[in-house]
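To start, the structure under review is shown below, and the notes come after it.
No value in this document is a laboratory result; all are computed from the given coordinates. These numbers were taken from a predicted model, which means no experiment stands behind them. Heads up, the Cβs are rebuilt from the backbone with ideal geometry, glycines too, and the neighbour counts pull from every protein chain shown.
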Amino acid sequence: MERLDFASVMAVLRRNIPDENFGNQADFLDSLFFDMNLDLQFAMEFDQGQVCRWMNGLARLSPNIISFYQEKEHQRKLVRRIKEMLLPIMPDSAMAAQELYDLLLQAPNVSPQKKLELTDGYAFEDDNDEAIFIMEILCLAMQLRFEKRDVRKKQLLTPGNLSPAVVDYIFDTDIPRPCRWFLDREQELEQLHALLVDHGKVFLHGIPGIGKSELAKAYAKRCGAEYTNVIYINYSGDLKQAVIDLDFADDLPGEEDDTRFEKHNRFLRSLWEDTLLIVDNFNVIASQDQFLDVMLKYRCRILFTTRSRYENHTSLEVGELHTDTLLELVEKFFPQAKKKQEEVLGIIDLLHRNTFAVELAARLLANGMMKPKALLRKLQKEKAALDADDKIGTTKDGRNRKATYYEHIHSLFSLYKLSGAEQNILRCMTLIPANGISSRRFAAWMDQQNMNTINDLMEMGFIHPKNNREILLHPMIREVAVEELKPSVRSCSVLLDSLQEISLMHGLDFMNNKQVFHTVESIITTIRKDDIAKYLLFLENVFQYMDKYRYEAGMQAIIEEMTTILSDDSVGTSADRACLLDARAVLEKNTKKQIELVEEAIRVLGDVHPGNGHLTANLHANLGALYHKAGRMDLAKLYMEQGVQLLEEYKLTGYHDSVTQICNYAALITDLGEPQRAYSALLKLARTVKELNSDQCLDCGLIQQVMGSVCVVKGDAAQAQLHHQRAMAIFEVVFEDEPVLLEEKRKEIGQAALVSRQKNQKLLV
């Protein structure tokens, strides 16, 4: 019998909604819980990966959602939402209600009394009764005790030469929607399908802005029903890393890249021809990505969109649209196009029928910023100045920046005369990963009070909607904006400060930390370093955050960036160089070399003073941990003690990383047979943190947890239980919106409690 929980209710609703009406899981929840997001106290971001885990029973629903819909007034709003949004997209809403009724009756985790209460007078007279029943079942499912489902029990194997359905196994691979004005590519769609069927791997190539990505998205929409799975990857420079970054249901926090790659690659290799993998914006030549040869051996069909020409592989060139079709495109934005047909056709011709350039010109006309005749004259003048002919050529890798269409994009960009606020948003958008970002999240990072400026840039065509929640830049706009707006450390300080603040948050983990990591990687490759000191501090803080989640690709990128910067002896400080050595030690696999690097970092740092006291203490703690790893307990204790002494000398014990350092020291000396000394040190630390912060913060929770573990070793079961209870009470508040982290803490404390009971039983015997 199936349990009644949020995942089982969502499964019933999902089965009763056609695919074309359901759309993206996160969009669906965003729409269903719309009223909650109107309440600033409860408003939250729906992250696709996390939503997938909720809907598949792999993570507990956010307590914010649960608590919001416990109130009767909010339940009434949910009824209205179900009636107005959900029931109209169901072909047979009565069938959905019947399935929920059956689920309720057979659910082993619902009492007979509750079943009787909810099914009393079951016969529905109208859609209002249906909506009330669905709301009651949904709210009950939210409140019932959560039990995580085992992803390993998912039926991932299918008979014959068919791929497993991966929709519940690989998260956040949704295909961006094709634009509403996609026009007249029927012949190319048919050719593309035939080539994929016959050859399996196809490179869809053409000049920038001609419509390659839109054609790929349109193909996925047109032919998606013929595939068991369609997986989408937006290429960002490394195919292997793209495979690593896929979000699998059974991925573990802190899992190393090599482990994730082995697992992900093995799974992708198992997929058959009924799976389509789209790699968008693969704008490199074959030799620039070594993993391409491996991916081309996959059995599934793969569609690459690229500016490059792959002459030794099956390819399809995307050419110019017919003039009449482009006139129709202009008309989508500028209804007077046919009345001004002569001027508009002249504009189209001067733009070399480049689809994206024509779209920008159409939006420019639609916004009333220029009249058709004025824009035509501007482009004619530009053509004469450039001495350009009508033929557009590109190099083998598709990167001929002197091409006429590129200059026209520059010209159209400048004609918009963006305000300072618009320039700032667009400048920082160039630093966002190519696969996009949540619009709300980006607005928050940019300290925007509303979405007005972002929406204005979307209206202009500079920012594109990926779906209902996410935004991205067209690759050509990114290139032009980087050149025109020159993103730098100083000019993008708001964005960098936000990312640094997230990195420095302790315990309040960002829901989708990968977006932070990928943004940092983009910053490293794009940003102008006009404030080296600020930039180095930013990299050092973000490195620690990446280390927490073992995002090795980003950590390596930071190390390489810092190495390049600090190769100039006149740049940076001794502290920066010590941080670099410490960072290198983190990624070093050999313990002996790790120790050597940290020892060198301490030497480079030199004499201890208030300005470097905290860093010196951290380095001593790290060195102690490495000696512990190497089995040199005497040196481990020595260096950890020196680190703690430095913290006390410079009155730094109240900082979060200091708390972690002292807790680790307490654990060490407990293992060395000094639990009472460890307990005293933790008791002193708890008082300090309480005075500086409170006795209900995360740091106090961590201290209480370690004190409980120390008491287990001491054999004081009652005191251990008391400390563990205090710790859990704090964690339940701090991690209210982080159910995964809260569950981890429950397991840790539960395991410690089990050890305590076993030890106590032995003493009684």
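Helix 404-415 and the long axis of the chain differ in direction by around 70°, with both axes built from C-alpha atoms. Each peptide among 278-288, 369-379, 108-118, 352-362 gets the average number of other Cβ atoms lying within 10 Å of its residues, and from highest to lowest they stand as 352-362, 278-288, 369-379, 108-118. As a calculated quantity, the FRET efficiency between Glu560 and Glu99 at R0 = 56 Å, using C-beta atoms, amounts to about 0.55. Amide H to amide H, with H built 1.01 Å from N, Glu317 comes under 5 Å of His205, counting only residues 5 or more places away or on other chains. Evaluated with a Cβ-only charge set (Lys, Arg +1; Asp, Glu -1), the chain carries a dipole of roughly 560 debye about its Cα centre, given to the nearest 20. The simple spin-label model puts a point 7 Å past each Cα toward its Cβ; for Lys114 and Val608 those points are separated by 5.7 nm. Of all DSSP bridge pairs formed entirely within segment 170-317, close to 10 percent run antiparallel. I'd like to know which of Ala362, Ala96, Pro433 lies farthest towards the positive end of the charge dipole of the chain, counting +1 on Cβ of Lys and Arg and -1 on Cβ of Asp and Glu. Of the options given, the answer is Pro433.
Cross-link list Lys212/Lys514; Lys338/Lys381; Lys371/Lys486; Lys592/Lys690; Lys332/Lys514: which exceed 32 angstrom alpha carbon to alpha carbon?
Details: Lys212/Lys514 27 Å; Lys338/Lys381 24 Å; Lys371/Lys486 29 Å; Lys592/Lys690 39 Å; Lys332/Lys514 37 Å.
From the list (Lys212/Lys514; Lys338/Lys381; Lys371/Lys486; Lys592/Lys690; Lys332/Lys514), the Cα-Cα distance tops 32 Å for Lys592/Lys690; Lys332/Lys514.
Ranking Val110, Ile66, Met85 by how far each Cα lies toward the positive end of the dipole of segment 57-117 (charges on Cβ) leaves Ile66 at the top.
Expressed in nm to one decimal, what extension gain is obtained for the pair Asp92 and Ser414 from 0.36 nm per residue of sequence separation less their Cα-Cα distance?
Values: separation 322, 0.36 × 322 = 115.92 nm, distance 5.26 nm.
My answer for the length gained is 110.7 nm.
For Ser488, the residues whose amide H sits under 5 Å from its own are Arg528, ignoring neighbours fewer than 5 places away on the same chain, with H placed 1.01 Å from N.
Would you mind calculating the gained length between Thr660 and Ser574 on full extension (0.36 nm times residue separation, minus the Cα-Cα distance), in nm to one decimal? Mind dumping the intermediate values first?
Details: separation 86, 0.36 × 86 = 30.96 nm, distance 2.46 nm.
The Thr660-Ser574 span can extend by a further 28.5 nm.
Working from label points 7 Å from Cα in the Cα-to-Cβ sense, the Glu743 to Leu683 distance is 3.8 nm. The modelled label-to-label distance between Asn693 and Ser31, using points 7 Å beyond Cα along the C-beta direction, is 4.2 nm. For Arg632 and Ser567, a Förster radius of 41 Å and the Cβ-Cβ distance give a FRET efficiency of 0.80, rounded to the nearest 0.05. In a fully extended conformation the segment linking Ala194 and Gln341 would gain 49.2 nm over its present Cα-Cα distance, using 0.36 nm per residue.
To the nearest ten degrees, helix 127-143 and the longest principal axis of the Cα atoms of the chain are 40 degrees apart.
Helix 475-485 against the longest principal axis of the chain: what's the angle in degrees, Cα atoms only, rounded to the nearest 10? The angle comes out at about 80 degrees.
Rounded to whole Å, give me the distance from the Cα center of segment 95-139 to that of segment 712-733. Comparing the Cα centres of segment 95-139 and segment 712-733, I get a distance of 41 Å.
In order along segment 710-717, the Karplus-derived 3J(HN,Hα) couplings, from 6.51 cos²θ - 1.76 cosθ + 1.60 at θ = phi - 60°, round to 5, 5, 4, 5, 5, x, 9, 5 Hz, and Gly and Pro are given as x.
Which of rounded, prolate or oblate describes segment 6-148 when judged by the alpha-carbon gyration tensor and an a/c cut-off of 1.5? It is rounded, given that a/c, with a ≥ b ≥ c, falls under 1.5. Among 701-710, 69-78, the peptide with the highest mean count of other Cβ atoms within 10 Å heads the list, and the full ranking is 701-710, 69-78. For the chain, the share of DSSP beta bridges that are antiparallel, to the nearest 5, is 25%.
With an 8 Å cut-off on Cα pairs and a minimum separation of 6 or more residues, tell me the relative contact order of the chain in percent. It would help to have the intermediate numbers written out before the result.
On the way: 1008 pairs, mean separation 66.9, N = 765.
In percent, rounded to a whole number, it is 9.
Which one of Asn312, Leu682, Leu183 has its Cα pushed farthest toward the positive end of the charge dipole of the chain, where Lys and Arg give +1 and Asp and Glu give -1 at the Cβ? So the residue furthest toward the plus end is Leu682.
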